[in-house]
1. Please list the non-local residues whose amide H lies under 5 Å from the amide H of LYS192, H modeled 1.01 Å from N, same-chain partners needing a gap of 5 or more.
2. So for region 172-254, considering every pair of alpha-carbon atoms, how many percent are separated by more than 22 Å?
3. Rounded to the nearest 5, what is the percent of antiparallel bridges among the DSSP beta bridges in the chain?
4. In terms of modelled amide H atoms, which long-range or inter-chain residues lie less than 5 Å from the amide H of TYR256?
5. Check the straight Cα-Cα distances from LYS177 and name the aspartates and glutamates below 14 Å, setting aside those fewer than 8 residues away within the same chain.
6. Keeping the other protein chains in place, figure out the carbon and sulfur percent of the accessible area of region 228-287, with a 1.4 Å probe.
7. Net charge around VAL60, counting only other residues with Cβ within less than 12 Å of its Cβ (Lys, Arg = +1; Asp, Glu = -1)?
8. Might you tell me the accessible area per residue for the chain, computed with a 1.4 Å probe and given in Å²?
Amino acid sequence: MRTYSKSVIALVMVFVLCLLSACGNNQASTKETSKSNATVTIKHAMGETKVPQKPKRIVVLTNEGTEALLSMGIKPVGAVQSWLGNPWYDHIKDKMKGVQNVGTEMEPSLEKIAALKPDLIIGNKVRQEKTYDQLNAIAPTVFADQLSGDWKKNLMLYAKAVNKEDKGKQVIQDFDKHVETVKKQLGDQVNKKVSIVRFTGSDARIYHKDSFSGVILDQLGFARPKSQDVNDLAELNVTKERIPAMDGDVLFYFSYETGDGKATTMEKEWVNDPLFKKLNVSKEGNVHKVSEAIWNTAGGVIAANKMLDDINKIMVNK
């Protein structure tokens, strides 16, 4: 029988342990790779799409979608620019440092999106239906169906797509609690009729219940003037003969000023019109200019919470 030195036996044992360790590491690596490649199927406006279970590089193509992600603690690698701001709204710009601007909601840049190598793209059928196939060729793409004033439905779709449904529900629950707090502080003031008016560089508009601000006012329990108590977005291109339809107990207005001064000129022309000054709401001093970004164009949960703060500041903490 052969005998082996202790040193040889020790070397053999070390070799075996190394093999076992390598095998274990390979198995762990395989499991980790399997986890990172895991997908979930999301039903959305364009059908069904398999998306990464834990997406890490998300591009978002609507402003309300950007706010939804930020509210869930997710910073996208790319996003469409805000309707106002350079390139982000003031109320989110601190959260958007390092995020790449990929164009506008109406014309996102496919080249810029592809360069970011996203693993998930979030968009909207209303805005980007024509480019869906091209976007989906870049990365799995999920589209919401509508861009109405009710942002909660879209937020929950996005939450599901990024595997944060519980967080999405919490965001909505926190907002609903905020609504109830403000509503309690308003007291009997929720019985007032609230009018919403918007000025752009080319027209004046009276906003109805399905607008972003209209949905929030409705959740608070506010009444609306009869002509505004309608389940659609707005009455567009109104003439000055329609100024009486703007009357109410409280009037909030905002202007879509892009920097050329046209919306500001339109606003001044209308609010200084003798017919506007004859409104009861004007005589009572209850006309308030508010932020276009917060009350209208941002359209997401962060703006919604800030709108509640505005109402509380204007109507409660006067």
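The values are calculated or read from the model by the stated rules, or taken from the named source; none is laboratory data. Predicted model only: the values in this text are computed from it and were never measured. As a convention, Cβ positions derive from the backbone with ideal geometry for all residues, glycine included, and neighbour counts pool all protein chains shown. Side chains included, ligands, DNA and RNA excluded: accessible areas come from the protein's heavy atoms. Shrake-Rupley method; radii C 1.70, N 1.55, O 1.52, S 1.80 Å.
1. Amide H to amide H, under 5 Å and 5 or more residues apart or across chains, LYS192 pairs with ALA223.
2. The proportion of pairs with Cα distances above 22 Å equals 26 percent.
3. On the way: 12 of 33 bridges.
Expressed as a percentage, antiparallel bridges in the chain total about 35.
4. Result for TYR256 returns PHE199, THR200.
5. Counting by Cα, and skipping residues close in sequence, LYS177 has these aspartates and glutamates nearby: ASP309.
6. Numbers: 1610 of 3360 Å².
Carbon and sulfur: 48 percent of the exposed surface of region 228-287.
7. Cβ neighbours under 12 Å give a net charge of 0.
8. Result: 53 Å² of accessible area for each residue.
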